[in-house]
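The values are calculated or read from the model by the stated rules, or taken from the named source; none is laboratory data. Predicted model, so just to flag it, every value in this text is computed and none were measured. Positions of Cβ are backbone-derived with ideal geometry, glycine not excepted, and every protein chain shown enters the neighbour counts. Calculation scope for accessible area: heavy atoms of the full protein, side chains included, ligands and nucleic acids excluded. Shrake-Rupley method; radii C 1.70, N 1.55, O 1.52, S 1.80 Å.
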Amino acid sequence: MIHLALISSEQAEKLFPPENWPEELFRMKREIPLQTWQVYRNGRRLGAAEVRINAQGTAVMMAAIEKDRKKEEYAEGLNVLTEKVLKLFHPHEILIFTKDPVFRNACIACRYYPKGRLMRYVPDPWRSRIPDSCFDEEGYLINQGIMKDIPFGLKDTSETGCGWIACWNLMKMLHMDVTMEEASEGLSHYNLTGGLFGQDIAGILLWLKKQSVPYSVSIGSQEKVAAAISKSNCGILLYRHKTAAHYTAFCRRSPFRVQFYNAVYGQRIVEKPEEFLKKRSIWPAAIAVLAEAKRQ
């Protein structure tokens, strides 16, 4: 888990002295930082980040990182930082200055791309149309029920959009860049009913294949599917709750527990797969799409 701890302006000045700001951000360095955080992962410090905003709506982030961390750790922290900045300031772009090659690779894994010596992040085009409460602390979609203004086929996402949400969340887990609009429109093209009854599993498999996602499929009893999920890093689960069939993306959080996204709207659900299915599925069987590409 990532924890952000605000620090004082005096501490920030020591961590980020003005002379350390690069020439590209000269105009920004004289401004008072809006927020400065220490970033911890499972109680272990990853580094610190200072954020400033200019009049044009650009957020600039300076990072002072610990040098002995893995790219995956940096990426996990940066996902949370990025989402924090998006929700607090709603910038039209985020720029990060860093010379560290491992951290730059972590930025790329989090949808940043190089812009000279900087790394640049541009929010998803649909981000401004979707309430902040639809996203969790890492930027995954978890609250389908209030996405009434977001289309999916002939209906809206709040009614039948769990399939494209699960696919978009999975692509984010795999660090494979696809916009929310591309996921929604792309999956609606693989739907024989135009989304009237939600997304069929065949359409999801075809769309994932088109996105070059290696996967396998587990179909069978709850026990069989739960066992398959337990051995996978991430994927998509299809089950039926009390009112309808439902898709949820999942990823491993520990050797025995998995996080299920958008399963209970707005809530963070981390459970053993067998417990999840036993509590929430009224079908004795389920289907899991298991992404075979390792999380980077």
With every protein chain in place, the accessible area of Tyr261 for a 1.4 Å probe, in Å² rounded to the nearest 10, comes to 0
As straight-line cross-link partners of Lys231, the qualifying lysines (C-alpha separation under 16 Å, not fewer than 8 residues apart within one chain) are Lys272, Lys294
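Arrange the peptides 45-52, 1-8 so that the one whose residues have, on average, the most other Cβ atoms within 10 Å appears first. Let's see the in-between values first.
On the way: 45-52: 22.0, 1-8: 13.1.
The most tightly packed comes first, giving 45-52, 1-8.
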The long-range amide H neighbours of Phe135, using H built 1.01 Å from N in the peptide plane and a cut-off of under 5 Å, are Ile142
Highest GNM mean-square fluctuation among Glu23, Glu223, Glu274, for the chain with Cα springs under 10 Å, belongs to Glu23
Result row for the chain, helices from DSSP H with C-alpha axial extent 15 Å or more and mean Kyte hydropathy at least -1.0, is 71-89, 162-173
Taking 224-235, 109-120 and ranking on average Cβ neighbours within 10 Å, highest first, one gets 224-235, 109-120
Applying a 4.7 angstrom Cβ cut-off across the chain, unpaired cysteine residues come out as Cys107, Cys110, Cys134, Cys162, Cys167
Charge tally for neighbours of Phe135 with beta carbon under 13 Å away, counting Lys, Arg as +1 and Asp, Glu as -1, is 0
At the level of C-alpha centres, the distance separating the range 126-183 and the range 243-270, in angstrom, is 15
For the range 132-148, Karplus-derived ³J(HN,Hα) couplings (6.51, -1.76, 1.60; θ = phi - 60°; whole Hz; x for glycine and proline) come out as 4, 5, 6, 10, 7, 5, 9, x, 7, 6, 9, 9, 4, x, 9, 9, 6
Among Lys172/Lys209; Lys242/Lys278; Lys209/Lys279, the pairs whose Cα-Cα distance exceeds 20 Å are Lys209/Lys279
Stokes-Einstein D for the range 245-296 (25 °C, 0.890 mPa s, Kirkwood Rh from Cα pairs), in µm²/s, comes to 205
